[in-house]
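One structure is given here, and the rest of the page talks about it.
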Amino acid sequence: MMKVAIIMGSNSDYPIMKETEIILEKFNISYDTKVMSAHRTPELVIEFSKEAQNNGYGVIIAAAGGAAHLAGVIASSTILPVIGVPIKAKTLDGIDSLLSTVQMPSGVPVACVGINQALNAGLLAIQMLGISNSTIAKELMAYKLALIEKVKNMKLEK
């Protein structure tokens, strides 16, 4: 089964991206978590991106804050789907990260989840892998049905 790469621009992004690891583990999806910077280690990012498919990855999740170019740089060097997680930085409440991640030029797509939405990035990666894996697809259906039941059973606090 293909694995997921979780790439962060800084180790300070890890407390948020831990949610991605947790949901991937819940679905028994293998992953590797690495720190690489689009600005401080661009050669390393490009090298990783070019070899990601050959190294068994099926999806790459890239998280960065501020001038969040990591997902775009990765997407420019691979045909694998890339999911960007804009990280809320100290300024602009993460809007800068969101716009840097989502506003990609034609031909270099990056799927983008909300600011700090690492769980959704993990789920989106699982959904992508589930397209060609019936076991994952069944587990996703069970997960979705459990969400429905949770909502149905919610009690309104007065």
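Please treat every number below as a calculation from the coordinates, not as lab data. Being a predicted model, the structure only gives us computed values, none of them experimental. Neighbour counts are summed over all protein chains in view; Cβ atoms, including those assigned to glycine, are modelled from backbone coordinates with ideal geometry.
Post the alpha-carbon centroid distance, the stretch 46-95 to the stretch 17-43, in whole angstrom.
10 Å
Going down the list Lys3/Lys88; Lys26/Lys50; Lys3/Lys34, which pairs span over 19 Å between their C-alpha atoms? Please report the intermediate quantities before stating the final value.
Values: Lys3/Lys88 26 Å; Lys26/Lys50 28 Å; Lys3/Lys34 13 Å.
Check vs 19 Å cut-off fails for Lys3/Lys88; Lys26/Lys50.
Sorted from fewest to most neighbouring beta carbons within 10 Å, what does the list Thr20, Thr41 look like?
Working: Thr20 27, Thr41 14.
Ordered by Cβ neighbours within 10 Å, fewest first: Thr41, Thr20.
Rounded to the nearest 20 Debye, what is the dipole magnitude of the chain about its Cα centre when Lys and Arg each give +1 and Asp and Glu each give -1 at the C-beta? Write down the numbers at each step before the final one.
Numbers: 14 positive and 13 negative charges, 102 e Å.
I would put it at about 480 debye.
Hey, if you put +1 on the Cβ of every Lys and Arg and -1 on every Asp and Glu Cβ in the chain, which of Ala125, Ala52, Met104 ends up farthest toward the positive end of that dipole?
Selected residue: Ala125.
Give me the net charge for the shell around Gly56: Cβ to Cβ below 15 angstrom, other residues only, Lys and Arg +1, Asp and Glu -1. Don't skip to the end; give the middle numbers.
Numbers: positive: Lys3, Lys34, Lys50; negative: Asp32, Glu51.
Its environment carries a net charge of +1.
Quick one: if you stick a label point 7 Å off each Cα along the C-beta vector at Leu145 and Val102, how many nm between them?
3.4 nm
Over the chain, what is the mean sequence separation of C-alpha contacts under 8 Å (at least six apart), divided by residue count, expressed as relative contact order in percent? Please report the intermediate quantities before stating the final value.
On the way: 289 pairs, mean separation 35.8, N = 158.
Worked out over the chain, it gives 23 percent.
So what does log10 I(q)/I(0) come out to for the stretch 1-72 at q = 0.27 Å⁻¹, using the Debye formula with one equal point on every Cα and no solvent?
Here log10 of I(q) over I(0) equals -1.28.
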